[in-house]
Amino acid sequence: MLPHSFPSEMSDQLKVFFILGGPGSGKGTNCARLVEDFGYTHFSAGDLLRAAAKEGTSDVANLIRELIRGGNIVPSEITVALLKQTIQEHPNPIGYVIDGFPRKFDQARMFEEDIAKAAGIIYYQCSEETMEKRLLGRAEGGEKRDDDNAEVIRKRFRVNVEECEPVVESYKKEGRCFVIDANRDKEEVYNDTKKVFVQLGEKPKK
Ligand code: ADP
Ligand code: C5P
Ligand code: MG
């Protein structure tokens, strides 16, 4: 169970965009630029979970660490509660870009029922070949992660196909999801991303 709800008037004002895509598709990269151009606050569900896992030796921290190390999805109650608390602690009337969430149907349902309905959903479509190259490149570039190695990457791809892509398919059917070809270079991908936000009525700072 989640600890407590946002007051409904606060929930109505919360503007949240879900930024989805397989591991290494470029979610974090594009969110950083959205923050610069539009003034959103960015939270990566994976980053928040990694920080929570580092924080302590509690059973929950240990569970998160083991699940991430194996490429598995952390129980939705934990991730949704973490996101909720983090959003509450960082008020931003301009809005939030939340990346790597929802990864499962129940996460989507819990968040939209209890916190806010997403104002827009972006999906970075990217081949596994491209994503694998990028993840291995990220590891070589010095970003130390337990799960950016060939074996766990394969597992993360499988989880992505089995658990995460069905959520995207369902958003597509509802007509809520903007699909962007993320196989292209960074500039092209971001230009399309920015266009979608402008199309959604969002205003760049400059
Ligand atoms: P995600 O958050 O989706 O896992 P990242 O944004 O961390 O992915 O990107 C993974 C790696 O790929 C990073 O090293 C990033 O610099 C690189 N990258 C991201 N987008 C592109 C792109 N369009 N072309 C080439 N490399 C990219
Ligand atoms: O998005 P990112 O690649 O940083 O996620 C890393 C890991 O964090 C995932 O492989 C998964 O173990 C965990 N995660 C999760 N639920 C989410 C987002 C991330 O369990 N919604
Ligand atoms: Mg990321």
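What follows draws every value from the coordinates through simple rules; no lab data is involved. Note that the coordinates shown come from a computational prediction; the quantities given were computed from them, not determined experimentally. We place every Cβ from the backbone using ideal geometry, glycine too, and count neighbours over all the protein chains shown.
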Point to revise | Sorted peptide list for 175-184, 113-122, criterion being average Cβ within 10 angstrom, highest first | key: 113-122, 175-184
Practice item. Go through the range 129-175 and name the GluC sites (Glu not before Pro) that are in a DSSP coil and have 16 or fewer other Cβ atoms within 10 Å of their Cβ. Key: Glu143, Glu174
Review point. Taking amide H positions as placed 1.01 Å from N in the peptide plane, with prolines and chain starts having none, which residues 5 or more places from Thr41, or on another chain, fall under 5 Å of its amide H?
Key: Gly95, Tyr96, Val97
**Study point:** Karplus-derived HN-Hα couplings along the range 38-51 (A = 6.51, B = -1.76, C = 1.60, θ = phi - 60°), whole Hz, x at Gly and Pro
**Key:** 10, x, 6, 9, 10, 10, 9, 4, x, 4, 5, 5, 4, 5
Check your understanding: Can you give the net charge of the other residues whose Cβ lies under 13 Å from the Cβ of Cys177, counting K and R as +1 and D and E as -1?
Key -> 0
Practice item. List every residue whose amide H lies under 5 Å from the amide H of Phe178, counting only residues 5 or more places away in sequence or on a different chain, with H placed 1.01 Å from N in the peptide plane. Key: Ile121, Ile122, Tyr123
Practice item. Work through the residues other than Cys164 whose Cβ is under 11 Å from its Cβ and net out their charges, Lys, Arg +1 and Asp, Glu -1. Key: 0
Revision key, fill the gap. Kirkwood-based Rg/Rh on the Cα set of the chain evaluates to 0.94
Exercise for review: Could you tell me what % of all Cα pairs in the range 20-90 have separations over 16 Å?
Suggested key: 54 percent
Exercise for review: Pop out the ³J(HN,Hα) list for the range 188-202 in order, Karplus 6.51 cos²θ - 1.76 cosθ + 1.60 with θ = phi - 60°, rounded to Hz; leave Gly and Pro as x.
Suggested key: 4, 5, 5, 4, 5, 4, 4, 4, 4, 5, 5, 4, 7, x, 7
**Study point:** Cα-Cα over 21 Å, subset of Lys15/Lys203; Lys27/Lys133; Lys84/Lys155; Lys104/Lys205; Lys117/Lys173; Lys84/Lys195
**Key:** Lys84/Lys155; Lys104/Lys205; Lys84/Lys195
Study note, to complete from the structure: Mean separation of Cα contacts under 8 Å (at least 6 apart) over the residue count of the chain, i.e. the relative contact order in percent, is 33 percent
Exercise for review: Step through the residues of the range 94-104 one at a time and calculate ³J(HN,Hα) from phi using the Karplus curve (6.51 cos²θ - 1.76 cosθ + 1.60, θ = phi - 60°), rounding each to whole Hz and writing x for Gly and Pro.
Suggested key: 5, x, 10, 10, 10, 9, x, 8, x, 9, 9
